[in-house]
Structure formats: structure tokens, C-alpha cells
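Right, one structure below, let's go through it.
The values are calculated or read from the model by the stated rules, or taken from the named source; none is laboratory data. Because the structure is predicted, anything quoted here is derived from the model rather than measured. When we count neighbours, we look across all protein chains shown, and the Cβ atoms used for this are built from the backbone with ideal geometry, even at glycine.
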Amino acid sequence: MTTNTTNSTNTSTAPSSSEEPSWFSSPWWWTFGSVPEIDSDTLHQLVQSKPEPPPQIIDVRTETEYQEGHIEGSLNCSFLPNVFSFSSRMEQMKLDPSRPVYAICLSAHRSIAAVKWLSRNGYNAFQLKGGMQEWRRMNKPEVK
């Protein structure tokens, strides 16, 4: 698996759900920093290999973006409009913390926030490098 990190100017680590300060309801700042990544080719190979159990892929784009095209087997759990609803929805998904989780968004910004949340909550999480824009640039398949 190819794993790199995305760099930006702010490397703040997001607090876990039990440590959330009052200003945390506006998570725009959480989309900066470095997180582990998986490239499009590696994720595509993983999806195509159809392992059992299937990969845990979370698409954090809006429902409309998700319906316009998404990666096979991904589950939609929009990170916006606020992190508190994201937290409760993620808890309802019953992801397996012993297996990797792959977060996807359009351009690899919202997924940074999702990977930070997942990591702070005990998951081995990665974002799709370049997001769906890169996936599409590489002509990878989508479900509509």
C-alpha cells in the first residue's frame, strides 16, 4: 500500500469527541495538516480484489456529490455541516477498528478532517490521495 502524507500549514490534531471544545462545532480548521494516504491505483486494486470482509470506505462528501458518482462499496457519511452529527453517524456505522478505514472526498480536504476524527477514535485511517478528482483523472470506475 502506498501511504504518504498531505502537508499544509496547520498540523493541529483534532480533539476526540469527549474533548471537544465549544468552538469545535465549526470544523473548517480541521481540514489542514498531514494524514496517511492511499493512492488511487492501490485503492482500486483493493476494491477490485473483492476481499472478505470488504474494505471500509467512507465517502465524506455531501449526499448529492455521492449520488453523482462514488467508489464501489463506499458508504456516505458527510463530514459537513458539523462534526457533531458526523461523530454520531460514524458511531452508528459500526466500523471495525481492527481494519483500515479509507476516507474519500472531492479534493482531499474534508477527508483530512475525517481521517483525524477516525484516528483520534482508534481507527487506522487513510485518505484517498487527491480525492475523487484524482480518482476520476485516473479513469477509475464509479457507481452512480
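Has the stretch 52-65 got any residue that is at pLDDT below 80, loosely packed, with under 15 Cβ neighbours inside 10 Å, over 23 Å from Gly130 (Cβ atoms) and charged (D, E, K, R)? Checking the stretch 52-65: not a single residue is at pLDDT below 80, loosely packed, with under 15 Cβ neighbours inside 10 Å, over 23 Å from Gly130 (Cβ atoms) and charged (D, E, K, R). For the stretch 58-76, the count of residues that are of a type in the set (Ser, Thr, Tyr), in a loop (DSSP other than H, G, I, E, B), more than 13 Å from Pro36 (Cα to Cα) and touching a helix residue (DSSP H, G or I) at 6+ places or on another chain (Cβ under 7 Å) is zero.
Of all residues in the stretch 104-141, those that are over 18 Å from Gln45 (Cβ atoms) and not in a helix (DSSP H, G or I) total 10.
When each of Phe86, Phe24 is tested for being surrounded by 12 or more Cβ atoms within 10 Å (Cβ to Cβ), within 28 Å of Met138 (Cβ to Cβ), of a type outside the set (S, T, N, Q) and at pLDDT below 95, the lone residue that passes is Phe86. Which of (1) out of contact with any Cys (no Cβ under 7 Å at 6 or more places or on another chain); (2) of a type outside the set (A, V, I, L, M); (3) modelled with pLDDT of 95 or more is the odd one out, the single condition Gly131 does not satisfy? That leaves (1) as the condition not met.
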